[in-house]
Each structure stands twice: as C-alpha cells, then as structure tokens.
2 protein chains.
Amino acid sequence: MKKNKPEWAPEEQDDKFTSTVMEGVSKPQNMSKKIHKRKELSLQQYVDGIISCDYVVLSKAITLIESNNPNHISLAQEILQKIIPNTGNSIRIGITGPPGAGKSTFIESLGLFLCRNGLKVAVLAIDPSSTVSKGSILGDKTRMELLSREENAFIRPSPSGGTLGGVAKKTRESIMVCEAAGYDVILIETIGVGQSEVTVRSMVDFFLLLLLPGSGDELQGIKKGVVELADLIVVNKADSNYLERAKITQVSYNSALRLLAPATEGWSTKALTCSALNHQGIEAVWSAINEFMIFVKESNILQKRRSEQMLFWINSMLEESILLKFYSNESIQQQKKNLESEVLVGRITATNAVKKLLNTYFGE
Amino acid sequence: MKKNKPEWAPEEQDDKFTSTVMEGVSKPQNMSKKIHKRKELSLQQYVDGIISCDYVVLSKAITLIESNNPNHISLAQEILQKIIPNTGNSIRIGITGPPGAGKSTFIESLGLFLCRNGLKVAVLAIDPSSTVSKGSILGDKTRMELLSREENAFIRPSPSGGTLGGVAKKTRESIMVCEAAGYDVILIETIGVGQSEVTVRSMVDFFLLLLLPGSGDELQGIKKGVVELADLIVVNKADSNYLERAKITQVSYNSALRLLAPATEGWSTKALTCSALNHQGIEAVWSAINEFMIFVKESNILQKRRSEQMLFWINSMLEESILLKFYSNESIQQQKKNLESEVLVGRITATNAVKKLLNTYFGE
C-alpha cells in the first residue's frame, strides 16, 4: 500500500499511517508516460526532460524557477544555462485586456486553434498582485478546461507573490523552459493591475489588447497608455446581440489608432473583431500575428527588440536589487517616512531631504 | 569710460583697454530699476529679491539653482527653504508637441493673452538633450520676442545638459522660485526627445498636447503614450488653408479620446483648435484650463496629485543618485559590458550575470 500513501506521509511508519491516495483522472498520453515521485531530479534529468517535453519535468522545472530557496535558484540557473541553445524559437505573445473582456475564453480559443493546426502552445500568466487575486489561478485552469486537455498545450498558473520584478523574472525564465521544450507559441496573459502591461510588453514579440464591444465607457478598466502598447486590438464578444456594437467599436478603434504612435515602428496597429466563445475570427487574429512576425523578422526588428529586452531585463534586475537594499534598510525607512512628511508640510526642501537620506545611507 | 567697458575687461588696466560697450535697447520699467553687478548677493537679498519679483535677482536665483557647484547648491537650498511658504499658488501647465506644431508661437500667444488679462506668466523649458539642440535656446527667446517685452512675463531658456533627473530638479526648483515671485501661471515647455514628456507630466497640474492639422501621418514626431498623458489637445495652425483640415483633425481626436483612458481621472480630455499666429482660439484654451483647475481643486485631485508628485520626485532623486553610484563604478562598467555580451550570445543567463555584478559591487 506504500505506493498509495499521500506524499506527506512519513516514510518509516508504513502501517501506522492509514490514509491512502485515490488514483486520479488519467492524464493524456504523454503526461502519464513517466511518473516522477518526489525524488530529486539531477541537472541532466531536468535538461533531458525539458528538451523531450516531458510534461512532469517541465512543471517541476518551472516550480524550481519559481522557488526562492537559494539551492533551487542555483540549480534553476544551471538548467537554464544548459538549455539556452534550445531557446528563442517561439512566438512570444502578450495578451491583456480589462476584466470581463474574456481573456481566458480568448486564450483557450486561440490555443485550441493553434493546437489543431499542429502547433504546440504554452500559456503563462503574469500577476504581480497574485496575493490578492489568488482565486483567479484556479479560475483560469477551470475556464481553460478544453485547452488543458490538449496534448500540445501546456497551461501554467501565475507565479505567486513577490515584487513585479521577481514575478517578471520567473515568467521570463519559464518562457525559456517552454521554448526549450519545443512550444511554438507562448501566450503570456496579464492578470491583476499595476505596471504588468508594461512588464509583459518588455518580454514579448507581439502585444495584443482584448476589448469589449462598447462606446469606451468600460475602458476605465484599462490603464493609460496601454492602447499605445498594442500591436493588435481585438474586440471580443462579437456575437448575437453584440455583433453590431463590436463592428462599431472596431471602426472607432481603427480611426483612433491612426492618430496614435505605433507600438512597433513601421507596423500599423489595427482592430479586429472575434467571438472567442463561438471560435469566430480567431483565424484572422492568427493571420495578423503571422504577418507581424514576417515583418519584424525581415526588418530585423525582432532581433533588435529581443536584444534590447534582454539588456533592459539585466538593468531591471540590477536596479531592483540595488534599490531594494536601500529601501529595506531600517534606519532609512524610518528617516524617509519622517523626511517625506516634513517635505509635504514645507518644513524642508525635497533636495535637502534626499541629501540627508543619502548621507545616512552612504555615511558621508 | 569704465562704466562702458565690457565685464570681461581687466579692472586695473583702465585706459589700455579700448573696447567699450554700447548701451543696449532700454528694458521695460521694472527691469531697468535695479542694476546688480557681478557682486554676490546674500541669502536675504536673494529671498527679498525673489519675493518682490526683482527680475534680475530672479534670474540670478535660477542660475544658482542650475549650477552644479556645491557652494551654489547649498545656497540655492537655503533660498528655496526660505521661500517654501510663498510657493504652490500657480497653475503649472506642461506643453508638448511634435516639432513644427508651433509650440513657441502658441506659448507666446497664450502668454500675451494671460498678461493682457492681468496675470503674471513665467515660461520655463525642459530639455534633457540640450547639448544637441542648444540652438533652440536662442531660437525660443527670439521667437517669443513680443512676450519677452511684456512686463509681467518671465522667459527662461532651458537649463543645460546633465541627466534628465538633474534637468528635472532644476526645472522643479525654478518653478518654486517663479511661484514665490508671484507668477500666476507657469508654462513648462518640453524640448527635445526622450522621456521628457513623462517627466514634465510628473511636475505639472495640467498637460497640453499641441498638434498640427493632418491625418496623423505627422505623428511620427510624438512618442507612444503621450496622447494618453494629455488633459487637453490643441490643434494649432487652424488658419487660412488649414482651417478645414484642423477641424477634421479635432473631430478625429475627439472620437479617439473617448476610447482612451483619461490622463486625469474624472476629467474628459478634449481637442480644440486654435491659430496661435492669429491669436484665435486662445481664450477657449484658457477656459478649458480654468474649468480643469476648478474640477481638480473641488475634487481634491490637485492636492493629492501635488503630494504624489513630491514623493515621486524624492524617490526619483534618491534612485538616480544610488544607481548613478553603481553605474559609474569603473569595475562594474567593464564587467557589465562583458557580461552583457555574454548574455546576448547565450553564454550565460541574465540572472547569473546580474548575480556576478551584484557580488562585485557589494563584495559578497
């Protein structure tokens, strides 16, 4: 019966521990092939498992990447180091939109379309506020039920907690692992609020904004500047009663987009409509993405953008660490709070407040 | 004849030095009243001069603010400290637009309108790239000739060089000095490219985007996201042949703006037309600004925004100093360049490169 004991049961007390584990619903072919228990995998096992797209090893590798344990971080870096040559061959697509635009339904519909066209699709999520919205993780998995049953689809809930920089690092490294596993398209969904759109834009080739049919009143859910980050706008829910409204919204955005600077130089961002629920208009979305990828490859924008993104990422990580060290200094925290109050009531100038803080920190 | 010698002539060699200075065009009343030679002013003289709006002292104070000499910085801070109670009472307006939109003509026309309505107007410029575009400083002064002759107008060319943070600091402190001198409206013009629009947005109450009539093709000169920073769009050059095109542009922007998130919550950004050259439509611009100011005062958005801007500024200054110290470290510079190349060719992961740099810097 040892085989059926839950993994948290003590190994020695074989018969004193009575709980057993029911066998779960069987996984699709490639997932059930290998069963990895809690035993530690070697570096080579990780690398081989990732490259052969072993679903379980892939999941474990991402869990390792998401861990903040120093040993895990160091092993994860060894794995990433080994798989670098196998990365970079996917189309990285960021998807954002206000709550209610139907992001999950859209991603599922696009994902199913791609799988049925012989492509392998990975879905990652980025959510800097996941401590608040933890419910959405389960929600996503449930909503993408059809896609999660596809053999060529890999869906990963968003990494939990931490700073935006930390979450972004995990997502970027998960992209690498998925690429090494041979996924052709990586869909990165933004969840939550804040600066996540800008962060996702900085790690993808193509950025898609999903909207609802309407007059723009519902745009309160979108942050300033997001429209101008998009390479494609898709008005979802273009079905039954909303069809006409969706078409009007599409026309309005197509006019508006002509007045805005494009997110990718030389590319004209356009608006399309679709009904993710009825799987309509998805092919046109994919055509637009393909057209974009041809354009950025031929113009060398893709390579330039990816290099810039890499350097930007290095600087972001450096700056986050350096500033975190400063802001987490206890005497700085207290003094900063006091000085800020004094600046706000006009007792001291901002420049002098900054000078005092820097003197405290650098000990001049 | 000593009186007419140029200021760079040696004082002693009275008669050996033959150059003289012609008397210039006489300045308007209040400017010619006091003549301050090169002698140093005391703290109190600065403060009194600023508060009584002595044009010459005001200019000297801003020169002091713009200096990077440690003694000047410390005196400037003492002055600013003293004038804090006299600051905060102006309407701070940021003005941006693509090259050719006629920013200087517009500022002159708006400035003249305000002066003729009994308001005191200061014009400052922010130009992080001023080493490149130094010509524009003289250009501005020349183009705003009419305004510069107004008694109630003060025009200051952009501070030269340095980091964007440094230029922003100078501009923010110059705003304080102008407010203490009783200027009712401060117009801050963006010059050059880069992040200056975002920086100006972070120091003003109201942000105005000046555009040309047209189909949007000329928008290449505007950076992404700038439209979504604006509280008002003004289509300039709505005169003679361009009148109709300007009206069409206005209508297009009014449609587009309904689809974008507003720069100021609760405020609907609209598009107007004007002809700065013919001084037409300027009153409507001013009405819109007034309406906005009433809205943000009554809703308490103004006070909240100014406090947030102050805290943002403190953090910006802190972060710039801390990161500058890191990036200007010579061993970091060399190592960073090498590691970045290695990351780009895939010899090392970004995370490991960052770890190495942090170890070098913090000596772990």
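The values are calculated or read from the model by the stated rules, or taken from the named source; none is laboratory data. Source: prediction; values computed, not measured. As a convention, Cβ positions derive from the backbone with ideal geometry for all residues, glycine included, and neighbour counts pool all protein chains shown. Calculation scope for accessible area: heavy atoms of the full protein, side chains included, ligands and nucleic acids excluded. Shrake-Rupley method; radii C 1.70, N 1.55, O 1.52, S 1.80 Å.
Before moving on, here are some points about what is shown:
- For the pair residue A:328 and residue B:163, a Förster radius of 22 Å applied to the C-beta separation gives a FRET efficiency near 0.30, rounded to the nearest 0.05.
- Remark: spin-label model distance residue B:78-residue A:337 equals 3.4 nm, labels positioned 7 Å along the Cα→Cβ axis.
- Sites residue A:44 and residue B:344, calculated FRET efficiency, Cβ-Cβ separation with R0 30 Å, nearest 0.05: 0.70
- Projecting the Cα atoms of A:334, A:311, A:345 onto the charge dipole of region A:309-362 (Cβ charges, centred on the Cα centre) puts A:345 farthest toward the positive pole.
- Values of log10 I(q)/I(0), in the order q = 0.16, 0.24 Å⁻¹, for region B:247-321 under a Debye, Cα-only, solvent-free model: -0.79, -1.08
- Distances in nm from residue A:48 to the matching label points in the other copies, shortest first (labels 7 Å along Cα to Cβ): 8.8
- Position residue A:81: other-copy label points at 5.3 nm, ordered by increasing distance, label point 7 Å along Cα→C-beta.
- Pairs exceeding 28 Å between alpha-carbon atoms, taken from A:325/B:356; A:337/B:304; B:103/B:325; B:103/B:270; A:224/B:356; B:120/B:169: B:103/B:325; A:224/B:356.
- Computed from protein heavy atoms with a 1.4 Å probe, the total accessible area buried between A and B is close to 5100 Å².
- Hull volume in cubic angstrom per residue (convex hull over the Cα atoms of region A:87-299): 114 Å³
- Legend: calculated FRET efficiency, residue A:68 to residue B:251, from the Cβ-Cβ distance at R0 = 56 Å, rounded to 0.05, equals 0.55.
- Across the identical copies, how the residue A:290 labels are spaced - nm, sorted shortest first, 7 Å along Cα→Cβ: 5.9
- Semi-axis lengths, largest first, of the ellipsoid equivalent to region B:70-115 are 32, 16, 9 Å, with √(5λ) applied to each eigenvalue of the Cα gyration tensor.
- Once the convex hull of all Cα atoms in region A:309-362 is built, its volume per residue stands at 89 Å³.
- Taken per residue, the accessible surface of region B:87-299 reaches 38 Å², heavy atoms only and a 1.4 Å probe.
- Pairs of alpha carbons in region A:197-294 separated by more than 18 Å make up 45% of all such pairs.
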